Structures are given as structure tokens and as C-alpha cells.
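A.B. asks: Pasting in a structure now, in C-alpha cells, and then I'll have a few things to ask.
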Amino acid sequence: MNKRSTLKINDKGHLEIGGADAVSLAEKYGTPLYVFDEEHIRNMMRVYKKTILKEYGGNGLVLYASKAFSCKAMYKIADSEGLGVDVVSGGEFYTAMEAGFPAQKVYMHGNNKLLSELIYAVNHKIGTIVVDSYGEADVIDELAADRGITQNVLIRINPGVVAHTHEFIQTARTDSKFGFSVSDGAAKDITAYVLSKSHLRLRGYHCHIGSQIFEKQSFVLAAEKMMNFVGDIKNSIGFTADTINMGGGFGVWYTDEDPKLQLSDYAEYLKAVIDTIKKKSAEIGISEPYLLIEPGRSIVAEAGVTLYTVGAIKEIPGVRKYVSIDGGMFDNPRYALYQSKYSVLLANRATELCTEQVSIAGKCCESGDLIAVNVPLPVAKTGDILAVLTTGAYNYSMASNYNRNFVPAAVLVYKGAADYIVKPQTYEDLVRNDVVPDRLK
Ligand code: LLP
């Protein structure tokens, strides 16, 4: 089954997402508009869940990394699919709680969790906190002691694998704001420290080796290193981890420079990790640990399309042609930040041949405000609907009100019907928190 099957071109020659005509969506809801395909999201959640069930007897949990796209509806979908979630701030945790998500299935990350965030998390009986500093261990222990509870924790470690899209490197990297390095003994020291705290229950370890990774071997190597560390700790200080969290990072298709993975490919990545954990557990002589994974991008990225309306068009002879849209870096800062590449098409003329290369420019007062550079397109006209594909992850979640533009609304499409999951902002929203001191009145 092709996991991207709900994206098609219909008989009007329009782009269709989850059975809904993109041009009709743009007319009804306006642009810019984030469109999310629920079926795609659910298919991705299910493939990971089913793989843990089939290959590991269900001894684990898929945590949706909600930093990729956080809003109440996403926590509802994750809950209805039986997933847990990873949150990295009080705001994400609050959103999950507002959606009625079970707190026990929430894991909290962050290299500098605020006291207010920890208090809020512990008060709401968060399932697990992933410890990332000594001070944090002290604070959680005190908060738990005050409330007469024992808080489940994991420790974030750096197993010595750093992966990038098509390659990975093994490194004894100690220079990271995240986690404790295995190679310099820091991971072992914090383990002993956390074990000495009477109100912390250490379950095991977490690692996250990178994002947008296609190299299966990177995940396998990280799993080997995590398990080697588990074995070392068992032998040196007698603690046996019962939980291993392998983080997120599975890659997605943005352009034809990336592989177009099928659902079965994601199952295969995960199976390779599971096989490694099983093999290593037997070698070390421990029960197979509870397995957590934290996919974010691979669950929502390809489920999302952003629709824009084409505005000004400017051709600089011999240089380039700019096609400007009604959005920009305020709804998708990824080109400005990372020079990320995207595939674009005209949603209202989706069957027409691409006859020129253009750059898609945003409307911000900034020359670096681009969405895509030198991408093929038919000759665009003002009023066309431009669709940018694979914008479900790290677009809305990194959006801003720069230049006092609106963060666009988001709709969720399911079998042809669409509903708002994030309402449009208004001018009133933009000034809601502004205050004019008396002396300026
Ligand atoms: N777990 C942890 C602890 C993470 O730090 C991350 C991502 C994930 C899970 C999810 O990883 P994923 O499956 O989405 O690759 N803003 C960047 C991506 C930053 C990812 C940060 N951590 C972007 O737009 O590409």
C-alpha cells in the first residue's frame, strides 16, 4: 500500500488531499492554509504500533513527538490510536491535557525544563520525565517527595552516533546541550546519582540521534550502543534498565532527492532496531526492555500541504523569476533556517507541464524570506493556488507572527470532508497582549 495514496490529481485537474479538492478548500477557508490528511497520519501511527506488536509482542509504545505539530486534535488522534506522546514544554503538555490526553502516557523532554514546567507536569501526574541535568534530578526528586510520590524517569544519553539524512557518523561527541555522554563516563555518573534519589524511579535510557534519517544502519548502531551501555551499567553498578527509548528521526520525502518510502519501509527500520535489541538482551542476559520510539516528522510531514494564493510575479531578466505568495517564513521558516527543499505545484492547474524554473517568495520584509528556490512550475498567474507539499511537520509548530502576519489556520481532511483544527487568527489576536503604559497614552 502506498502511504501517500490520498494525494492525487482529480478529474478537474486539481490537487486532491484526502478526497478533498485543494482549490475548493482554498476558496472555502482562504489562504494561506495548512491542510492535514487524517488518514495519512493514522496510517503512519499504525505502522509503528503494528510493528511493535508483531515483532516485539507489543512490549513497547509509540510516542508521537508532538513538537512536529502540536494542537489539541493531534493529541486526540494519537490517543485514539493508542499512542503516547513526547512533549518538550509546559505548553505542549498543557495542550495535551486540554485535549484530555492520559498524562501517564506523556514523556517530557527538554535540556532546560523550567521549574514551572516541572511543577505543572508533576501536579498533573505526568507519566515519565526524561532527566537531562543534575539540577533537574534534584528538583523532580523534591517535587515528588513533597507530594509523597515516586516519579518515573529516564535519563537522556548520547550513545555516540550522530546521523544526518543519508549518512551517519560514530562519534564520542560530548559537545551537545542534550544528554550525558557514554564515552566520558557522564552517563554512568548521572545513573548513580539518579539511583541515589529516593523519590525517582529510574526506568532506563533515552537517546535521539538526529532527524530526517534514511540510513537504517544508524538506528541499528544506536540500538547496539544503547544496549551495550545497559549491559555495562548492569555489570558495573547493578542497575538493569527496563525501558529503552530510541527517539525519533525517520526520514520523509520532500523532493525527488529523497527516497519515497512505503509503509513497509518504516516497518523494516523499526524491525531492524527491535531485532538488535532482542539480540543484545540475550547477549547481556536481561529481559527485553520496554521499547519506546518517538517519531514526529514521519507521522505528520507528508500528511500536510500548505495552500497559498499567488500574488505578485517579478521577472529579473537573466537572473530569476520570483513568484510571490500570501504566506512565507512566518508559516514555514524552514528554507530561511535550513535551506530546506520543497516540491511545489499549482493546485488549480496540476496537470499542466512545468515550463519554467521559479523561486517562491514570501511576503515578509526580508530578502531571505523564500519557500523554494529554482523549482519547476507552469507559468504561474496571479490568483493561482500554489501547493507546497510535505509541510505537516515543523511548519505550523515553528510558525510566528513575524511582520504581524497571521499564523494560518489548519484544517483536517478525512474522506473528503474538512474541519478546522486551528482557527484563523484575527487582527484582534495580534494585539491581544499589547499594553500601552499610561505615560504613552
Ligand atoms: N525525540 C526527541 C528527543 C527529539 O528531539 C525529536 C526532534 C524527536 C523525538 C522527533 O524527531 P523526528 O521524528 O521528527 O525526526 N525543526 C527541525 C527538526 C528538529 C527536530 C528536533 N527533535 C526541522 O524543521 O527539520
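A.B. asks: Which of the numbered conditions does D86 fail, given that it passes all the others? Conditions: (1) without any contact (Cβ under 8 Å) to a residue 60 or more places away in the chain; (2) more than 25 Å from G231 (Cα to Cα).
C.D. replies: For D86, the failing item is (1).
A.B. asks: Taking interchain pairs and intrachain pairs at least six residues apart, which have beta carbon atoms under 8 angstrom, with the first residue in the range 191-209 and in the same structural domain as N152 (by TED's automatic domain parsing) and basic (K, R) and the second at pLDDT 95 or above and within 16 Å of the ligand (Cβ to nearest atom)?
C.D. replies: Partner pairs satisfying both residue conditions: R201/V153; R203/T128; R203/V153; R203/L154; R203/T243.
A.B. asks: Continuing with this model, one more query. Would you confirm whether or not the range 267-282 contains a residue that is among the hydroxyl-bearing types (S, T, Y), at pLDDT 95 or above and within 16 Å of the ligand (Cβ to nearest atom)?
C.D. replies: Filtering the range 267-282 for residues among the hydroxyl-bearing types (S, T, Y) gives 269, 276, 281.
So of that shortlist, the ones also at pLDDT 95 or above come out as 269, 276, 281.
Those still in the list that are within 16 Å of the ligand (Cβ to nearest atom) too: 269.
Scanning the range 267-282, I find at least one residue that is among the hydroxyl-bearing types (S, T, Y), at pLDDT 95 or above and within 16 Å of the ligand (Cβ to nearest atom), so the answer is yes.
A.B. asks: Another question, if that's okay. Which condition from (1) within 15 Å of the ligand (Cβ to nearest atom); (2) in contact with a strand residue (DSSP E or B) (Cβ under 6 Å, 6 or more places away or on another chain) is the one that V323 breaks?
C.D. replies: (1)
A.B. asks: How do the pairs read when you match residues in the range 342-370 that are under 15 Å from A380 (Cα atoms) with residues anywhere that are modelled with pLDDT of 95 or more and of a type in the set (F, W, Y), using Cβ under 6 Å and keeping only pairs 6 or more apart or on different chains?
C.D. replies: Partner pairs satisfying both residue conditions: S359/Y322; A361/Y322.
Per-residue answers, yes or no, for (1) buried (at least 17 other Cβ atoms within 10 Å of the Cβ); (2) within 16 Å of G13 (Cβ to Cβ):
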| residue | (1), (2) |
| --- | --- |
| A361 | yes, no |
| C365 | no, no |
| L377 | yes, yes |
| T382 | no, no |
| I385 | yes, yes |
| A393 | yes, no |
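A.B. asks: Keeping to the range 5-37, report how many residues are within 23 Å of S70 (Cβ to Cβ) and assigned to a loop (DSSP other than H, G, I, E, B).
C.D. replies: Total meeting the criteria: 5.
A.B. asks: When the residues of the range 240-253 are narrowed to those that are touching a residue at least 60 places away in the same chain (Cβ under 8 Å) and more than 10 Å from the ligand (Cβ to nearest atom), which ends up surrounded by the fewest Cβ atoms within 10 Å (Cβ to Cβ)?
C.D. replies: W253
A.B. asks: Within 16 Å of the ligand (Cβ to nearest atom) and loosely packed, with under 14 Cβ neighbours inside 10 Å: does that describe K177? Break it down into steps so the answer makes sense when it comes.
C.D. replies: Values: within 16 Å of the ligand (Cβ to nearest atom): yes; loosely packed, with under 14 Cβ neighbours inside 10 Å: yes.
For K177, the condition - within 16 Å of the ligand (Cβ to nearest atom) and loosely packed, with under 14 Cβ neighbours inside 10 Å - is met.
A.B. asks: Given T95, T128, which one is touching a Ser or Thr at 6+ places or on another chain (Cβ under 6 Å) and modelled with pLDDT of 95 or more? Give the derivation first.
C.D. replies: Values: T128 fails: touching a Ser or Thr at 6+ places or on another chain (Cβ under 6 Å).
Checking each option against the conditions leaves just T95.
A.B. asks: Then there is this: What are the residues in the range 274-297 that are assigned to a helix (DSSP H, G or I) and under 29 Å from S343 (Cβ atoms), if any?
C.D. replies: Residues of the range 274-297 that are assigned to a helix (DSSP H, G or I), as a first pass: 274-284, 297.
Once the filter is applied, which keeps residues that are assigned to a helix (DSSP H, G or I) and under 29 Å from S343 (Cβ atoms), the range 274-297 yields only R297.
A.B. asks: Of all residues being among the polar types (S, T, N, Q) and crowded, with 22+ Cβ neighbours inside 10 Å in the range 44-85, which is nearest to the chain's Cα centre (by Cα)? Just the residue, please. Spell out the reasoning first.
C.D. replies: Quick first cut of the range 44-85, residues among the polar types (S, T, N, Q) only: 51, 59, 66, 70, 80.
Restricting the remaining residues to those that are crowded, with 22+ Cβ neighbours inside 10 Å gives 51, 66, 70.
Working: T51: 20, S66: 6, S70: 9 Å.
Looking at residues that are among the polar types (S, T, N, Q) and crowded, with 22+ Cβ neighbours inside 10 Å, I get S66.
A.B. asks: Here is a further query. Condition first: hydroxyl-bearing (S, T, Y) and in a helix (DSSP H, G or I). Can you find one or more residues in the range 195-215 that meet it? Lay out the reasoning, then the answer.
C.D. replies: Of all residues in the range 195-215, those hydroxyl-bearing (S, T, Y) come to 196, 198, 205, 211.
Add one more test, that the residue is in a helix (DSSP H, G or I), and what stays is none.
Checked the range 195-215: no residue is hydroxyl-bearing (S, T, Y) and in a helix (DSSP H, G or I).
A.B. asks: Turning to a different aspect of this structure: Residues that are among the basic types (K, R), at least 2 per element: which strands (runs of 3 or more DSSP E) completely within the range 307-404 meet that?
C.D. replies: Numbers: elements: 320-325, 344-346, 356-361, 370-377, 385-389.
Filter on the range 307-404 gives 320-325.
A.B. asks: If the requirement is being modelled with pLDDT under 95 and not assigned by TED's automatic domain parsing to the domain that holds I244, which of these qualifies: G318, G328?
C.D. replies: Result: G318 is the single residue among G318, G328 that is modelled with pLDDT under 95 and not assigned by TED's automatic domain parsing to the domain that holds I244.
The values are calculated or read from the model by the stated rules, or taken from the named source; none is laboratory data. Because the structure is predicted, anything quoted here is derived from the model rather than measured. Every residue, glycine among them, receives a Cβ derived from its backbone with ideal geometry; neighbour counts consider all protein chains shown.
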